[in-house]
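Enquirer: The structure's right below; bear with me while I get my questions together.
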Amino acid sequence: MEYSQFKEKLFAEAKTAGFIDWEAYYSTSNSFSVKIFNGEIDEYKNTDAGGLSFRGNFADKNGVGRMGYAYTENINPDVIPELVKNAADNASNIDEEIEKLFAGSEKYLKLSGYNPALDKVSVKEKIDMALALEKATFAQDKRVKSVDFCQLGTVETDVKIANSCGLDLSDKTNLAYAYVYARVEENGVTKTGFEIWHGNDFAKFSPEELAKDAVKRAIDNLGAASIPSKTYPVVFDNKTANSLFMAFCSVFFAEQAQKGFSLLKGKEGEQVAASIITLRDDPDGGEESFGKVAFDSEGVATKPKAIIENGVLKTLLYNLQAAEKDKVESTGNGFKPSFRAAVTTACTNYYVVPSDISHEEMLSNIQEGILITTLDGLHSGLNPISGDFSVSATGFMIEGGKRTKPVEQITVAGNFYDLMKNIETVASDLRFSMPNPMGTFGMPSFLVKELPISGL
């Protein structure tokens, strides 16, 4: 059955069952991936997934309205009575206050994350590109002993939201990705290098360039050693800067602040970062981002905004429920990680605004420091409430303004809130990650005045 017909029958059933208002959230996806190992297909997947979640405010026998939820993976009219009944039972048994459904914003940005040309790329062409990626990786250098992981894939998603308040929205996106993990060996020492490409146009994908970057990353780490424990100026490259800010993104969520899980509660208008820091959440994100989204999972229009501007906290990120508690408008950041999940807070395109200073220019002013290029254990080595972190890392020494010898077996520690205040330089090399359920994250490399580095 088509979604539109299913929706009409579902809404009619909800009205008959006594719901005050109701909403359907329909999400489908098609995912293709192929893994290559030693010139052969190691794994191949082409899957369709998705379903519909129904929620509504149901008036119980005492006339009290409660929000009830239910979902189905089967878009068949036979499931509608049970779906509505489950939502009604859920509303009656859970002591949740009535939630307001959203009738729609006055204006939505015209954004599209869908490229029709990507869907025309055949399965054979995708497999050939994956095979070419592994072959190019081996061809880069005689020290490449294995390609531990080589994968290429595409994902297409379709989201539709409609409710009894008049909301009726849809959005379609697609994305391609490829990543490779190269292992090199020299004098009995092995190192690995990982690189990823993503976009929605395979015409911009070069297996040779991706392979070159992965192998270079591995070779550059040959000869790495630990260093004495000391406090150093520290540069996070754009990848590790991205990982760090992503790991602490929840401190900017209003619902977390309301629960006491963020030290930024009540800090709007105060200086919380260095004056050179402007942190934005922007549904467009520019040419380099592929997380473009015109509305959130509650139907609220997304909008460009500064979370931090010139070091000053301007706003936290709100979904409708959190906005209602603080008597403000939603910022359009209410998202569902899947059709089965409840609405929570997530980012659109979250990034620190870059400067016009190149990465190399930033390094040139450092006589002795550390460039961090990988961070391990972020999820276990940090406290998102206090902001403290202590994680293992690898990278390079910075000596006389240049990146020099590789370093490993070090630990970098600090506090995220303090780190934001101690960023001395932001570079121009903004790079976005792949979209994920928490949003799309981008970051340039930046220099922190000093952080303790523990070595052997």
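Enquirer: Taking the conditions exactly as written (surrounded by fewer than 16 Cβ atoms within 10 Å (Cβ to Cβ), within 27 Å of the chain's Cα centre (by Cα) and at pLDDT 95 or above), does Ala117 satisfy them or not? First the steps, then the outcome.
Expert: On the way: surrounded by fewer than 16 Cβ atoms within 10 Å (Cβ to Cβ): yes; within 27 Å of the chain's Cα centre (by Cα): yes; at pLDDT 95 or above: yes.
The answer is yes for Ala117.
Enquirer: In addition: Which residues, counting only those in the range 419-435, are closer than 14 Å to Val234 by Cβ and in a loop (DSSP other than H, G, I, E, B)?
Expert: Within the range 419-435, Asn422, Ala427 qualify.
Enquirer: Can I ask one more? Any chance the range 385-405 includes a residue that's among the β-branched types (Val, Ile, Thr) and over 24 Å from the mean Cα position of the chain (by Cα)? Step through it out loud before you land on a result.
Expert: Narrowing the range 385-405 to residues among the β-branched types (Val, Ile, Thr): 385, 391, 394, 398, 404.
Of the ones still in play, those that are also over 24 Å from the mean Cα position of the chain (by Cα) are 398, 404.
Yes, the range 385-405 has at least one match.
Enquirer: Could I ask something else about it? Could you grab the pairs with beta carbons closer than 7 Å, sequence gap of 6+ or different chains, first residue in the range 202-224 and open to solvent by less than 20 Å² (accessible area, probe 1.4 Å), second one of a type in the set (Gly, Ala, Ser) and assigned to a helix (DSSP H, G or I)?
Expert: Taking only residues 6 or more apart or on different chains, the pairs are Pro207/Ala132; Pro207/Ala136; Ala211/Ala136.
Enquirer: Oh, and also: Among the residues of the range 86-96, write down those that are closer than 16 Å to Ala342 by Cα, modelled with pLDDT under 80 and more than 30 Å from the chain's Cα centre (by Cα).
Expert: Ile94, Asp95
Enquirer: Here is a follow-up. Could you say which residue among Ser250, Ser262, Ser243, Ser289 is of a type outside the set (A, V, I, L, M), surrounded by 16 or more Cβ atoms within 10 Å (Cβ to Cβ) and under 18 Å from Val353 (Cβ atoms)?
Expert: Details: Ser250 fails: under 18 Å from Val353 (Cβ atoms); Ser262 fails: under 18 Å from Val353 (Cβ atoms); Ser243 fails: under 18 Å from Val353 (Cβ atoms).
Answer to the selection: Ser289.
Enquirer: Another question, if that's okay. Considering only the range 320-360, state which residues are out of contact with any Phe, Trp or Tyr (no Cβ under 8 Å at 6 or more places or on another chain), of a type outside the set (S, T, N, Q) and within 30 Å of Arg403 (Cβ to Cβ).
Expert: The answer is Val353, Pro354, Asp356, Ile357, His359, Glu360.
Enquirer: Tally up the residues in the range 397-418 that are open to solvent by 30 Å² or more (accessible area, probe 1.4 Å), outside any strand (DSSP E or B) and on the phi < 0 side of the Ramachandran plot, please.
Expert: Within the range 397-418, residues that are open to solvent by 30 Å² or more (accessible area, probe 1.4 Å), outside any strand (DSSP E or B) and on the phi < 0 side of the Ramachandran plot number 1.
Enquirer: Step by step: first the residues of the range 320-336, then only those that are in a helix (DSSP H, G or I) and out of contact with any Asp or Glu (no Cβ under 8 Å at 6 or more places or on another chain), then the one that is surrounded by the fewest Cβ atoms within 10 Å (Cβ to Cβ). Which residue is that?
Expert: Going residue by residue through the range 320-336, those that are in a helix (DSSP H, G or I) are 320-326.
Still in the running and out of contact with any Asp or Glu (no Cβ under 8 Å at 6 or more places or on another chain): 324-326.
Details: Glu324: 15, Lys325: 11, Asp326: 14.
Result: Lys325.
Enquirer: Kindly establish whether Phe295 is at pLDDT 95 or above, of a type in the set (A, V, I, L, M, F, W, C) and within 20 Å of the chain's Cα centre (by Cα). Outline the logic, then answer.
Expert: Values: at pLDDT 95 or above: yes; of a type in the set (A, V, I, L, M, F, W, C): yes; within 20 Å of the chain's Cα centre (by Cα): yes.
When the stated conditions are applied, Phe295 passes them.
Enquirer: Out of all the residues in the range 133-166, which are surrounded by fewer than 17 Cβ atoms within 10 Å (Cβ to Cβ) and hydrophobic (A, V, I, L, M, F, W, C)?
Expert: Ala139, Cys165
Enquirer: Out of the range 354-388, which residues are touching a Ser or Thr at 6+ places or on another chain (Cβ under 8 Å), at pLDDT 95 or above and open to solvent by 50 Å² or more (accessible area, probe 1.4 Å)?
Expert: Within the range 354-388, Asp356, Ile357 meet the criteria.
Enquirer: In the range 404-415, is there at least one residue being in contact with a strand residue (DSSP E or B) (Cβ under 7 Å, 6 or more places away or on another chain), within 13 Å of Tyr232 (Cβ to Cβ) and among the small types (Gly, Ala, Ser)?
Expert: Yes, there is a match, as at least one residue in the range 404-415 is in contact with a strand residue (DSSP E or B) (Cβ under 7 Å, 6 or more places away or on another chain), within 13 Å of Tyr232 (Cβ to Cβ) and among the small types (Gly, Ala, Ser).
The values are calculated or read from the model by the stated rules, or taken from the named source; none is laboratory data. Remember, it's a predicted structure, so these values are computed and weren't measured experimentally. No Cβ is skipped: glycine too gets one built from the backbone with ideal geometry, and neighbour counts run over all protein chains shown. Calculation scope for accessible area: heavy atoms of the full protein, side chains included, ligands and nucleic acids excluded. Shrake-Rupley method; radii C 1.70, N 1.55, O 1.52, S 1.80 Å.
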